[in-house]
Amino acid sequence: MEPLLQLQDVSKTYLTTSDAAPVHVLNAVSFSLAQAETAAIVGPSGSGKSTLLNIIGTLDKPTTGIVRLDGRDMAKLNDQEVAVVRNHQIGFIFQAHHLLPHCSVLENVLIPTLAKCSVLKPSTALERARRLIDRVGLTSRLNHRPSQLSGGERQRVAVVRALINRPKLLLADEPTGALDRASAQTLAQVLVDLNREEKTTLIVVTHSLELSKLMARQFDVCDGAVREK
Ligand SMILES: Nc1ncnc2c1ncn2[C@@H]1O[C@H](COP(=O)(O)OP(=O)(O)OP(=O)(O)O)[C@@H](O)[C@H]1O
Ligand SMILES: [Mg+2]
């Protein structure tokens, strides 16, 4: 079966100013993940974990090499096609939740479904939003604004928002980095449970050994290389 995600000899070099030396971050990285697999990406600060995640999520382009999502070479798509892939197939969770401050929990979760190219009918989106919000234990917070939530609750809203369009791939960059231990454990469990229920392939960048151990596969980013542990 075709892997959901395939990286083939992906390299990334940042060119900054003309007099500064180029920064070689990733060097010929290759690996594949199957649908519904879970993976942790670990490694020291500055090793290139976020760079790797952004390339996988089409937010950044590799300098050389190929990223295939569902068998499609991302470099062969135009900007509009890439935007559609990003909206339909990929969900993102960042260290900071990036929720809109003036919108309620329910409204924040529905935002990705408002895009012109959205796959969900409004009634389906609303039903799914309510179900997922309930699933992460936040039904009593449906009409709260982000400022009225705890950090852990905000991150659970961010998880629901990332999953609302039924993405095939969920990418999380340090999702528990700003949380206390108990909230981090709750969030980790939510990610694992939803991965099982939704069959979403999950990639988590984390410094937390606890969270990385919950993933089926572990990849270590070091000196430009990515090695499976
Ligand atoms: N836009 C950019 N231009 C130039 N260099 C960059 C750019 N983005 C990142 N870098 C450099 O690339 C390297 C990898 O950065 P990246 O953010 O991927 O690291 P990371 O592993 O996510 O680190 P952390 O654990 O601290 O989040 C760093 O040395 C960083 O300075
Ligand atoms: Mg990072």
- Item | Odd one out for Ala34, checked against (1) farther than 22 Å from Met215 by Cβ; (2) small (Gly, Ala, Ser); (3) out of contact with any Gly (no Cβ under 6 Å at 6 or more places or on another chain); (4) modelled with pLDDT of 95 or more | (1)
- Item | Qualifying positions in the range 97-115 - assigned to a helix (DSSP H, G or I) and over 19 Å from Arg156 (Cβ atoms) | Leu114
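Here is a check on your reading of the model: is Ser18 more than 24 Å from Gln218 (Cα to Cα), outside any strand (DSSP E or B) and within 16 Å of ligand 1 (Cβ to nearest atom)?
Judged against the criteria, Ser18 is a match.
Residue-wise test of (1) near ligand 1 (Cβ under 9 Å from one of its atoms); (2) among the polar types (S, T, N, Q).
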| site | (1), (2) |
| --- | --- |
| Leu26 | yes, no |
| Phe31 | no, no |
| Gln35 | no, yes |
| Gly46 | yes, no |
| Leu53 | yes, no |
| Leu69 | no, no |
| Arg72 | no, no |
- Message: Among (1) under 20 Å from Asn54 (Cβ atoms); (2) touching a residue at least 12 places away in the same chain (Cβ under 8 Å), there is one condition Glu81 misses while meeting the rest; what is its number?
- Response: (2)
- Query: When you scan the range 116-203 for helices (runs of 4 or more DSSP H) that lie fully inside it, which ones turn up with 2 or more residues that are surrounded by fewer than 17 Cβ atoms within 10 Å (Cβ to Cβ), away from ligand 1 (no atom under 16 Å from the Cβ) and of a type outside the set (S, T, N, Q)?
  - Reply: 122-135, 181-198
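Using the structure shown, decide if Val82 is in a helix (DSSP H, G or I), within 27 Å of Arg68 (Cα to Cα) and either out of contact with any Leu (no Cβ under 7 Å at 6 or more places or on another chain) or of a type in the set (Gly, Ala, Ser) (or both).
Judged against the criteria, Val82 is a match.
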- Going by the conditions given, is Gln8 over 30 Å from Ala184 (Cα atoms), assigned to a helix (DSSP H, G or I) and among the polar types (S, T, N, Q)? no
- Item | Out of Pro175, Pro167, sole residue that is within 16 Å of ligand 2 (Cβ to nearest atom), under 24 Å from Arg131 (Cβ atoms) and within 15 Å of the chain's Cα centre (by Cα) | Pro175
- Just one of (1) aliphatic (A, V, I, L, M); (2) within 16 Å of ligand 2 (Cβ to nearest atom); (3) within 20 Å of Arg130 (Cα to Cα) trips up Val159, so point out which. (2)
- Note on the structure: Leu171 passes all but one of the listed conditions (1) in contact with a Phe, Trp or Tyr (Cβ under 7 Å, 6 or more places away or on another chain); (2) farther than 25 Å from Leu5 by Cβ; the exception is number (2)
- Query: Among the residues of the range 32-53, is any farther than 22 Å from Gln95 by Cα, assigned to a strand (DSSP E or B) and touching a strand residue (DSSP E or B) at 6+ places or on another chain (Cβ under 6 Å)?
  - Reply: yes
- Message: Return the residues of the range 60-72 that are without any contact (Cβ under 8 Å) to a residue 60 or more places away in the chain and farther than 16 Å from Ala34 by Cα; say none if nothing qualifies.
- Response: Asp60, Lys61, Pro62, Thr63, Thr64, Gly65
- Message: Regarding the range 214-224, can at least one residue be identified that is out of contact with any Lys or Arg (no Cβ under 8 Å at 6 or more places or on another chain), more than 30 Å from His24 (Cβ to Cβ), at pLDDT 95 or above and of a type outside the set (Val, Ile, Thr)?
- Response: yes
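The values are calculated or read from the model by the stated rules, or taken from the named source; none is laboratory data. The model shown is predicted, which means the values in this text are computed figures rather than measured ones. Positions of Cβ are backbone-derived with ideal geometry, glycine not excepted, and every protein chain shown enters the neighbour counts.
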